[in-house]
Structures are given as C-alpha cells and as structure tokens.
Amino acid sequence: MTDDRAVTPRGFSIDAYIQQGELAYPVSEGSIRLRVLLDSGAALHLHETPLSADQVLTLQKDGRELLQATALDTSELRWWLLGLGSHVEVLEPKELRREFRGIVTRMMKLYR
C-alpha cells in the first residue's frame, strides 16, 4: 500500500492489455483457429460471453454445437477446455487434438 497516486501511461488500456494476452501463459506465439464440439449446456455461456470477436456457434444434428473461433494459444485455453471434460471434443487444430488425446490416455491409465 502506498499513498502515491498511480500514473497511467498515455494511451494505456488495461482491458486492451488483457485482451492481447499479456497476462496469459502462452503455449506458442499468436493465435490458433479453434474448432470444438460442445454439449449444448457447455456452449450456453458462449452465447452470452463469446470467446472471440469472430466466434461462430453452429447447432449440429446431434444437438452439440460447433464452436469456431480464433483464440490465443495459452495454458488458460487448455485449462478451460479440460475443465469441460467429456462435454467438449477438440477437432482443430490437429496438434491440440493430439495433445488432448495424450492427456486422456494418460488419465485413463490412472483410473484403471
């Protein structure tokens, strides 16, 4: 704690700073084109709070929703997806799908 006044640099926006991923834990540089299938319940909050400005949700014949969005490639994205458990299937990028397949395989070995 200090009694000194905070000085905000000219043109600085904390919202823009966060949006750019400056407080995130990047896995790789830049963004990825994410395609995932979500149960309708898991997709519900994305209708109100989009993952990105270019997010598109499309209802599928099986009742799931296809999420297509550009997202920063971060640990937080992975934690969020893993937190959805069996309510999400990562389709693309293929590297992320392979990564999740490996995680699920290792988890299956733990629970056998």
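The values are calculated or read from the model by the stated rules, or taken from the named source; none is laboratory data. All of these numbers come straight from a predicted model, not from anything done at the bench. FYI the Cβ positions are ideal-geometry reconstructions off the backbone, even for glycines, and counts take in every protein chain you see. Heads up: the accessible areas ignore ligands, DNA and RNA and are worked out on the full protein's heavy atoms, side chains in. Shrake-Rupley method; radii C 1.70, N 1.55, O 1.52, S 1.80 Å.
Of everything in segment 77-112 that's acidic (Asp, Glu) and touching a Leu at 6+ places or on another chain (Cβ under 8 Å), which residue is nearest to ILE32 (Cα to Cα)? Let's see the steps before the verdict.
We begin by selecting, within segment 77-112, every residue acidic (Asp, Glu); these are 89, 92, 95, 99.
So of that shortlist, the ones also touching a Leu at 6+ places or on another chain (Cβ under 8 Å) come out as 89, 92.
On the way: GLU89: 16, GLU92: 9 Å.
Filtering segment 77-112 for residues that are acidic (Asp, Glu) and touching a Leu at 6+ places or on another chain (Cβ under 8 Å), the one nearest to ILE32 (Cα to Cα) comes out as GLU92.
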Test: residue in segment 83-93 that is out of contact with any strand residue (DSSP E or B) (no Cβ under 6 Å at 6 or more places or on another chain) and among the hydrophobic types (A, V, I, L, M, F, W, C): yes
Residue within segment 26-48 that is surrounded by 15 or more Cβ atoms within 10 Å (Cβ to Cβ), touching a residue at least 40 places away in the same chain (Cβ under 8 Å), touching a Pro at 6+ places or on another chain (Cβ under 6 Å) and on the phi < 0 side of the Ramachandran plot present: yes
Considering residues of segment 7-39 that are more than 18 Å from LYS94 (Cβ to Cβ) and among the hydrophobic types (A, V, I, L, M, F, W, C) only, the residue modelled with the lowest pLDDT: LEU23
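Among the residues of segment 49-61, how many are closer than 18 Å to ARG97 by Cβ and free of Cβ contacts under 8 Å to residues at least 12 places away in the same chain? Reasoning before the result, please.
Of the residues in segment 49-61, the ones closer than 18 Å to ARG97 by Cβ are 51, 60.
With the extra rule that they be free of Cβ contacts under 8 Å to residues at least 12 places away in the same chain, the set shrinks to none.
Total meeting the criteria: 0.
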Counted residues, segment 46-75 - those being assigned to a helix (DSSP H, G or I) and within 13 Å of the chain's Cα centre (by Cα): 2
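Going by the conditions given, is GLU89 among the acidic types (Asp, Glu) and either over 15 Å from the mean Cα position of the chain (by Cα) or in a helix (DSSP H, G or I) (or both)? Even if it seems obvious, please write down each step before you answer.
On the way: among the acidic types (Asp, Glu): yes; either over 15 Å from the mean Cα position of the chain (by Cα) or in a helix (DSSP H, G or I) (or both): no.
So GLU89 does not fit the description; no.
I want to confirm something. Restricting to segment 70-92 and keeping residues that are without any contact (Cβ under 8 Å) to a residue 40 or more places away in the chain and under 17 Å from SER40 (Cα atoms), which single residue is least open to solvent (accessible area, probe 1.4 Å)?
The qualifying residue least open to solvent (accessible area, probe 1.4 Å) is GLY85.
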Boolean, GLU65 is surrounded by fewer than 16 Cβ atoms within 10 Å (Cβ to Cβ) and either on the phi < 0 side of the Ramachandran plot or at pLDDT below 90 (or both): no
